1. In Å, what is the Rg of the alpha-carbon atoms in segment 1-80, and how long is Dmax?
2. Under a Cβ-Cβ cut-off of 9 Å, what is the net charge of the residues other than Ala84 that fall near it, where Lys and Arg count +1 and Asp and Glu count -1?
3. I'm checking a number: the convex hull volume of the Cα atoms of segment 96-232, normalised per residue, in Å³. What is it?
4. Which of the residue pairs Lys68/Lys96; Lys33/Lys183; Lys96/Lys183; Lys65/Lys166; Lys154/Lys183; Lys33/Lys96 have a Cα-Cα distance greater than 23 Å in the structure shown?
5. Counting only residues 5 or more places away or on other chains, whose amide H sits under 5 Å from the amide H of Val71 once H atoms are built in the peptide plane?
6. Roughly how many debye, to the nearest 20, is the charge dipole of segment 114-161 about its Cα centre, given +1 on each Lys and Arg Cβ, -1 on each Asp and Glu Cβ, and no other charges?
7. Any aspartates and glutamates with Cα under 13 Å of the Lys41 Cα? List them, leaving off those in the same chain fewer than 8 positions away.
8. Dividing the convex hull volume of the Cα atoms of segment 114-161 by its residue count, what figure in Å³ per residue is obtained?
Amino acid sequence: MEFSEINRLYDDGFDLSAWGRTNTPGEDLIWRKGVDQQIQKIEGVAAVLPGTNDPPRVVGSHTSKSVKLPVTCFRFNLYNQVEAYAFVRDNFHNIKVVVISDSPIHMPYELVHAEWSQERYDEEVKSFREYTGGEVSDTDDWYREWSSGSILRKDGRIYRAGSHQKVYCEGIDDLGLPDDVFKPYEEGSQGFVCEIGSYATVAMILEHVVRSLEQERYRRWEKEREVRDDQR
């Protein structure tokens with residue numbers, strides 16, 4: 001999928017409030033208030049983000065607790081030079097954020113992954129061996145067999161990334177996004193999935209996306225200036 005197609009997906013989306021008005025849940029549904037609550041929270045995230053004037057739009061839907069819920073897209077296009085898109089869905093159990101960017105994204109691992117001690121890791125290895133009888137190799141690939149998440153390592157630290165497989169990104173999985181986007185965040189990733197638990201974290205992730213785009217824009221400007229100086 002080209003960025004032009006993702007941009008078209010955003011342009012063809014719906015205003016949050018308008019989508020909510022035309023997708024009112026039945027009065028008999030216990031979780032019916034979830035639609036308005038999610039819309040309000042997404043609008044709150046958009047209100048605190050720096051560097052973007054594009055409002056979030058509804059580009060798809062999914063169903064949880066018998067309630068039809070929005071899949072929202074944020075578009076970040078800084079000065080028509082760098083761009084990124086973030087897709088958000090909340091199924092009442094967790095929030096998934098899928099980011100696609102034309103630039104490397106930089107943010108702390110602890111923002112989107114759970115840091116494990118060596119003792120916690122060893123406990124998980126013990127459970128894996130006891131329940132499956134499997135062996136643990138020198139890599140962390142065993143954890144993919146054991147869990148829907150992944151083990152990541154950085155600067156001597158161990159992190160557990162939440163589920164990132166396409167099948168667990170309900171509503172986002174049928175938007176036609178590239179399959180290679182559905183992987184956990186690693187330093188400098190340009191496409192990844194985050195499994196998180198709050199809209200405050202959504203806002204922090206998207207703030208790092210915006211700041212990363214700003215950094216890339218400045219880096220490109222510096223490179224262009226160096227080229228101009230060399231040509232003089």
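None of the figures in this text is laboratory data; all of them are computed from the coordinates on show. Source: prediction; values computed, not measured. Cβ coordinates were reconstructed from backbone atoms using ideal geometry, including for glycine residues, and neighbour counts include every protein chain displayed.
1. Calculated on Cα positions, Rg and Dmax stand at 13.9, 47 Å.
2. -1
3. 146
4. Lys33/Lys183
5. Those lying under 5 Å, H to H, from Val71 are Val59, Gly60, Ser61, His62.
6. Dipole of segment 114-161, to the nearest 20 debye: 180 debye.
7. Straight-distance partners of Lys41: Asp90.
8. 69
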